[in-house]
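Okay, so here's the structure we're looking at.
The values are calculated or read from the model by the stated rules, or taken from the named source; none is laboratory data. The model shown is predicted, which means the values in this text are computed figures rather than measured ones. As a convention, Cβ positions derive from the backbone with ideal geometry for all residues, glycine included, and neighbour counts pool all protein chains shown. Surface areas here come from the heavy atoms of the whole protein model, side chains and all, with no ligands, DNA or RNA. Shrake-Rupley method; radii C 1.70, N 1.55, O 1.52, S 1.80 Å.
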Amino acid sequence: MTDPIGDPRPLTAGVMGWPIVHSRSPRIFAHWFAAAGIEGRYCHLAVCEADFEQVFRTLPRAGFRGVNVTVPHKLSALRCADSATDTARQIGAANMIRFTPDGEIIADNTDAYGFIENIRQGAPDWNPASGPAVVLGAGGAARAVLVALRDAGAPQIRLINRTSVKADDLAAELGDPISVIPWQERSSALADAATLVNTSSLGMTGQPKLEIALDDLPETALINDIVYTPLRTDLLAAGRARGNPTVDGLGMLLHQARPSYRAWFGGDPLVDETLRQVCLA
Ligand code: ATR
């Protein structure tokens, strides 16, 4: 079979995590392999923390072109790589690894890209520079969202987290234009915002509800929830009911996979309704 980018290695990659069996990434790649007419392989790699480094270093010799890494390996992957992109360093975590043909390990992060591309596709008129952004949550996912919003030109980012010290640490690490607002003030912090993003796990199936009043949020503000189980969270439903543009979180997962596919296999895979349905099936 002809390799689209002239690489003699097998068309092989995977996603490493613990647990990993529920990851939908293999479905995404299988769909793109079929669309491109190539016989690629993208597998689940269930690797616990203790085994991470050893397995990670073995994969280039096992013929892998690259690997996606997810919880709990995103920090370790950055630490163990030979080099890292500026984006991965700024976010402080890696989710996409390239193995060069001579075995070098390069760490990258495509979560910020996935976050922005998802919103641009779902709400083409969104202008992140037009006003403050409010970000709920200061966990792993928030890091990429904050870097993405800052790089997209948000003039102010209001970071709000239940555990304020985590928000303080993140704001100190990432710097301007992030400022921390107390969790109890999350509803009033929505005044004059252009963007509202929930990166917390609140509203996810099996988790507590996200309690927030949207009254102060301008109706033009874009609302994005990175939670995608359920696809239409209460936050998105409440926003849509009052006329706000809303974008669900599934597209972030789909778009963050595109740079991996491009780097490892070439071509330009599509994120469309068919892929969404494949993922939701
Ligand atoms: P992820 O990698 O998906 O961001 P995480 O790092 O575990 O996951 O972060 C979960 C986020 O949801 C955190 O911001 C967490 O707040 P704390 O830092 O205070 O733990 C937030 N979160 C989870 N449960 C919450 C709850 N019941 N109320 C408020 N925030 C909650």
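Exposed loop sites were defined as GluC sites (Glu not before Pro) in DSSP loop states (anything but H, G, I, E or B) carrying at most 12 other C-beta atoms within 10 Å; in the chain the longest segment without such a site runs 105-210.
Between segment 216-273 and segment 129-155, the alpha-carbon centres lie 15 Å apart.
Here the label points at I38 and S201, each 7 Å from Cα along the C-beta direction, are separated by 3.6 nm in the simple model. Per residue, the chain reaches -10500 deg cm²/dmol at 222 nm when only DSSP H runs of four or more residues are counted, each adding -39500 (n - 2.57). Helix 111-122 and the longest principal axis of the C-alpha atoms of the chain enclose an angle of approximately 60°.
Angle, helix 25-36 long axis vs. longest principal axis of the chain, Cα atoms, 0 to 90°, nearest 10? Orientation of helix 25-36: about 60 degrees from the principal axis.
About the centre of its Cα atoms, the chain shows a dipole size close to 560 debye [charges on the beta carbon of Lys, Arg (+1) and Asp, Glu (-1) only; nearest 20 debye]. Between the beta carbons of E185 and T229, assuming R0 = 22 Å, the FRET efficiency works out to 0.20 to the nearest 0.05.
Suppose R0 equals 45 Å; then what is the FRET efficiency for D192 and R61 from their Cβ-Cβ distance, rounded to the nearest 0.05? It comes to 0.25. Legend: residues H255, H44, sorted from most to least accessible area (1.4 Å probe; ligands, DNA and RNA excluded), read H44, H255. In the assembled protein chains, T85 presents an accessible area of approximately 40 Å² (probe radius 1.4 Å). With the whole protein complex present, C43 retains an accessible surface near 30 Å², based on a 1.4 Å probe. DSSP finds beta bridges in the chain, and of those with both partners inside it, around 20 percent are antiparallel. Karplus-derived 3J(HN,Hα) values for segment 132-141, using 6.51 cos²θ - 1.76 cosθ + 1.60 with θ = phi - 60°, are x, 10, 10, 10, 9, x, 9, x, x, 5 Hz; glycine and proline are entered as x. Highest GNM mean-square fluctuation among D51, D234, D168, for the chain modelled with Cα contacts below 10 Å: D51.
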